[in-house]
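Let me begin by presenting the structure, written as structure tokens, before commenting on it.
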Amino acid sequence: MRIVVPVKHVPDIHSDRSFTEEGRVARGVENGTLNELDENAIECALQLVEAAGPEHRAAHEVIVVTVGPTEAEGALRKAFQLGADTGVHVTDPAIGGSDVFGTATAVAAAIRKLSESGPIDLIITGMAALDGLGSVIPSLLAAELELPQLTLGTRFEFSDGMVEVTRELDGVTEVITAPAPAVVSVTDHVNTPRYPNFKLIMAARTKEIIQWSLTDIALNPNDVGEAAARTHVVKSAPRPPRDITPPVVDKGDGGLALARYLIDNDLI
Amino acid sequence: MTTPNILVLLDTADTQLTSAGLELLTLANTLGTPVAVSFHEPSATALEQVRTYGVSRFLVAALDGDISPHITPAAAEALAGVVKETTARVVLASPTFQNKEVVARLAHAIGAGLVIDTVTVGFEGDDFVGYKRVFAGSWDIDCKVVTDVAVATVRANAVIPTPPAQPAADVQVETVTVTPSALATSVSLVSRTVHPPIHGGVGRPRLAEAPYVVAGGRGTLGDFSQVEELADALGGAVGATRDAVDEGWIEHDAQIGQTGVTVAPRVYIGAGISGAPHHRGGMQASGVIVSVNSDPDCPLFEISDFAVVGELQDVLPQAAAAIREYKASQGEASA
Ligand SMILES: Cc1cc2nc3c(=O)[nH]c(=O)nc-3n(C[C@H](O)[C@H](O)[C@H](O)COP(=O)(O)OP(=O)(O)OC[C@H]3O[C@@H](n4cnc5c(N)ncnc54)[C@H](O)[C@@H]3O)c2cc1C
């Protein structure tokens, strides 16, 4: 079995995040990390390839793919620490400024290239990247690759070539099924990602990463990046901090103070 | 110049439109000519609502065969048929998880630009712009769409629902039927179960679109009754942190945050919530943030316009009673 997990290098949500003057997310090595929700996707993939037992583990491959600048490699290294077998880094100056379609085009092209060396059974992604929170890349990837999409899985099963996913949406639970190969996205409720083990942490440092340019994945510079973007960030600015009043300490009338605040500010 | 057609995807047209739908129609009126679309036959109530909001064309996006519009790619293909039929310049939808996926595939299929989770949208000259608040509400960005058709999801509470001065004379209902592709039908829906309202709160507004949200965290110790009491006093919805959901104290539908529902109410009240970045990501765009916590160093206080250091069981019922009393006095005054 070959499973591809597209991963993203994102600013740490606990750090200050910002935009560059060109309207792109500022990504630095210092505060960057593997998108937390991608860990659930990697965990899903690992559980599948481990299911047949350690003696069969080598017959399967979990491939992590990332598209982005040099520091995006950090996301692949973190995935290696968890147990991913192969890492692919697609990087090219022309990719900068891509919108969601450009990103999906590049990831899809990398997956097509990977399938030249053997069929891909599943593509598993996290439910969203915690920096952009669009949640649309899995759908776009499925559209690009012309594969069934089974997204936002809180439960995931794969047997006899069929994928079944339970999804918890706004006020509804759906169970959907489709034949593999398919694009699956999973939420943080699907599993609990493992912690990296020491041996893998050491090995991850020097593990080789496959580097591909746009030419390697058969794309032209104007298929992606600024050139292909259908949207442009034309303005970005940090918001002024809220006008914060010091907390009221409840001395028996805290609830009244709360109500008074809402009433006095015409909020009711 | 003719005004552009603004297609509005209505989620609940088979029953009646909620404020989310009316807000989208309000925005559509500021952008051009509003045209309504739904995957279901509209109810008489919904038709009258859209008429009041200046809509004279209502399109039903239908699928040939027995294909459910809950299958994302099929829904997108049906919608693409309607966009073509109406030569829409803009497509607006509410940001439910389903809608985000459907409009992403729609944009992919028709080569349109996509802006997800906008706070509001508008034209700057001929350019369609989506205004977004990102990074847990700490940055504002303006996204210009450069394609002929723009697709956007708009968060609730973007505008106050306001019908135009002139309602439509009548509403013409048309059905556009699309035959879904083999790819769209490769996914089958095994089951679909609609959840009862959060904590049995019949009559409460939906969490994602409520003007008031009272959310409870671990500090409730599992007792959400005071959170509910305050929400009901305000006419709001009940929300929660993931920890409260994981404890089984409340349904998953109530989870606010980066992996749950995003809310942007006029007033958000966090009760016994520490304010983890994951939670903030789903509520920091709220108009006013109020928090109640026994810990004076609670991180949620850092982003709260108003905060009370105290025990929930003391503060919440007192606040609820005072609000009910105030509302009753207002009611008397206006009567
Ligand atoms: C991948 C991932 C995704 C996540 N997504 C989300 C998400 O979408 N939404 C979300 O909410 N969380 C999410 N989390 C979890 C998040 O990190 C926090 O753990 C969670 O938000 C904390 O919930 P809490 O505030 O209820 O609990 P705590 O952090 O334990 O805070 C409880 C608060 O209650 C106060 N308190 C206790 N007793 C009282 C009392 N009697 N009166 C008043 N105050 C009291 C305490 O002082 C404390 O501040 C996610 C985590 C991960 C790893």
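FYI, it's all coordinate maths here, none of it is from the lab. Nothing here was measured: the structure is a model prediction, and the numbers come from that model. So basically every Cβ, Gly included, is an ideal-geometry build from the backbone, and we count neighbours across all protein chains shown.
Structural remarks
- With respect to chain B, whose longest principal axis is taken over its alpha-carbon atoms, helix B:72-86 is tilted by about 60°.
- Counting DSSP beta bridges with both ends in chain B, the antiparallel % (nearest 5): 20 percent
- The mean number of partner chain beta-carbon atoms within 10 angstrom of a residue's beta-carbon across peptide B:235-242 is 0.
- On the basis of the beta-carbon distance and an R0 of 60 Å, residue A:207 and residue B:169 show a calculated FRET efficiency of 0.30.
- For the cross-link pairs A:113/B:144; B:100/B:132; A:8/A:113; B:100/B:144, the ones whose C-alpha atoms lie over 21 Å apart are A:113/B:144.
- Cα gyration tensor category, rounded, prolate or oblate, for segment A:2-228 with a/c compared to 1.5: rounded
- Distance-filtered residues of segment B:226-247 - backbone nitrogen under 19 Å, label point 7 angstrom along residue B:202 Cα→Cβ: B:228-229, B:232-233, B:235-238
- Residue A:146 paired with residue B:84, simple spin-label distance in nm, labels 7 Å along Cα-to-beta-carbon: 1.7 nm
- Once the Cα atoms are used to define both axes, helix B:225-234 deviates from the longest principal axis of chain B by about 60 degrees.
- Neighbour-count ranking [beta-carbon atoms within 10 angstrom, fewest first] of A:234, B:145, B:245, A:64: A:234, B:245, B:145, A:64
- Lys/Arg +1, Asp/Glu -1 at C-beta; segment B:5-178 dipole; positive extreme among B:121, B:141, B:74: B:141
- For the protein assembly as shown, size of Cβ-based charge dipole, Lys and Arg +1, Asp and Glu -1, in debye: 580 debye
- Cα gyration tensor shape of segment B:165-265, rounded if a/c is under 1.5, else prolate or oblate by comparing a/b with b/c: oblate
- Relative contact order for chain A: 23 percent, from Cα pairs under 8 Å spaced at least 6 residues apart, divided by residue count.
- Relative contact order of segment B:5-178, taken over Cα pairs closer than 8 Å and 6 or more residues apart, is 30 percent.
- Charge-dipole axis of segment A:2-228 as Lys and Arg at +1 and Asp and Glu at -1 on Cβ define it, positive-most pick from A:163, A:217, A:70: A:70
- Three-way shape call for the protein assembly as shown based on the alpha-carbon gyration tensor, with the a/c threshold at 1.5: oblate
- Degrees separating the helix A:36-50 axis from the principal Cα axis of chain A, which is the longest one: 30 degrees
- Residue exposure proxy: B:302, A:174, ordered by other Cβ atoms within 10 angstrom of their Cβ from fewest to most, comes out as B:302, A:174.
- Fraction of antiparallel bridges per DSSP, segment A:79-231 only, in percent to nearest 5: 55 percent
- Whole-Å distance, taken between Cα centres, linking segment A:171-206 and segment B:202-249: 30 Å
- As a rough footprinting exposure proxy, the listed residues A:233, A:184 were ranked by other beta carbons within 10 Å of their own, and the order from fewest upward is A:233, A:184.
- Between residue A:218 and residue A:58, the distance separating the two model label sites (each 7 Å from Cα on the Cα→Cβ line) works out to 3.2 nm.
- Chain A - mean residue ellipticity at 222 nm from DSSP helices (-39,500 (n - 2.57) per run, n ≥ 4, rounded to 500): -8500 deg cm²/dmol
- Value of relative contact order over chain B, rounded to a whole percent, pairs C-alpha under 8 Å and six or more apart: 15 percent
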